[in-house]
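Taking it in order: structure first as structure tokens, then the write-up.
The values are calculated or read from the model by the stated rules, or taken from the named source; none is laboratory data. If you're wondering where the values come from, they're calculated on a predicted model, not measured in any experiment. Note: ideal-geometry Cβ built from the backbone for every residue, glycine included; neighbour counts use all protein chains shown.
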Amino acid sequence: MAQNQMTHLKLVRDEPKDDRKFLILIRGLPGSGKTTLATAIQEEGDADMWAADDFFVNDSGEYVFEPWRLAAAHSCCQMNVDASMNAGKPRIIVHNTFTRLWEFVAYDKMAVDHGYRVVIINCYDGGCTDEQLAERNTHGVPLETIKNMRERWEEVQGELTIDQLADLAES
């Protein structure tokens, strides 16, 4: 990601926005608890929840991953978020792995265009080893893929960790 894009991500979170509109981006390795956290946040009130993985759920509700369609899955997720923003949804949750900074750019631009405040929550590995993540993730992501994702993980300045989120909830 270019330096100006990285700076832009931080600035977007710091700019004053309509306090009633939030784009919540939940990131983490497979099996780290992204979907569990997203569901808990959604159950708190009026929120749309999206993930690239939604694209791979067929009409029978079965998850069928097709790696050659991954770009289309992310495009579909972004279109769903844009539609939610156009509808004025007060909270929109996206739970994807977001291992690299550039993966935030499209969502960042939409947030700017629609006046949403961006909150990034980092589940990272949920305190689990790669082997534990491979066992507990619901989409059958293999151990080697999880190891590769961990190796390419990029930190985001200003994101909230699960521990920080828990501290906020208690205060």
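Quick look at the numbers
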| quantity | calculated |
| --- | --- |
| Residue match in segment 58-74 (condition: touching a strand residue (DSSP E or B) at 6+ places or on another chain (Cβ under 9 Å), of a type outside the set (Ser, Thr, Tyr) and part of a helix (DSSP H, G or I)) | no |
| Residue, nearest to residue 27 (Cα to Cα), within segment 97-109, restricted to residues that are surrounded by fewer than 20 Cβ atoms within 10 Å (Cβ to Cβ) and in contact with a strand residue (DSSP E or B) (Cβ under 9 Å, 6 or more places away or on another chain) | 99 |
| Among the candidates 126, 140, residue that is surrounded by 12 or more Cβ atoms within 10 Å (Cβ to Cβ) and in contact (Cβ under 8 Å) with a residue 40 or more places away in the chain | 126 |
| Residue list for segment 83-95, filter: of a type outside the set (Ser, Thr, Tyr), touching an Asp or Glu at 6+ places or on another chain (Cβ under 9 Å) and either without any contact (Cβ under 8 Å) to a residue 40 or more places away in the chain or outside any strand (DSSP E or B) (or both) | 83, 85, 87, 89, 90 |
| Residue list for segment 73-96, restricted to those being more than 25 Å from residue 29 (Cα to Cα) and of a type in the set (Lys, Arg) | 89 |
| Residue pairs meeting the criteria (Cβ under 6 Å; at least 6 apart or on separate chains; first among the aromatic types (Phe, Trp, Tyr), in segment 56-79; second not in a helix (DSSP H, G or I)) | 56/63; 56/64; 56/65; 63/57; 63/139 |
| Subset of segment 151-163 that is assigned to a helix (DSSP H, G or I) and out of contact with any strand residue (DSSP E or B) (no Cβ under 9 Å at 6 or more places or on another chain) - its residue that is surrounded by the most Cβ atoms within 10 Å (Cβ to Cβ) | 163 |
| Test for residue 110: is it outside any loop (DSSP other than H, G, I, E, B) and in contact (Cβ under 8 Å) with a residue 24 or more places away in the chain | yes |
| Count of segment 43-55 residues which are in a helix (DSSP H, G or I) and surrounded by 17 or more Cβ atoms within 10 Å (Cβ to Cβ) | 3 |
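Conditions tested, residue by residue: (1) within 14 Å of the chain's Cα centre (by Cα); (2) at positive phi; (3) modelled with pLDDT under 95; (4) hydrophobic (A, V, I, L, M, F, W, C).
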position	(1), (2), (3), (4)
20	no, no, yes, no
31	yes, yes, no, no
42	yes, no, yes, no
48	yes, no, no, no
52	yes, no, no, yes
61	no, yes, yes, no
65	no, no, yes, yes
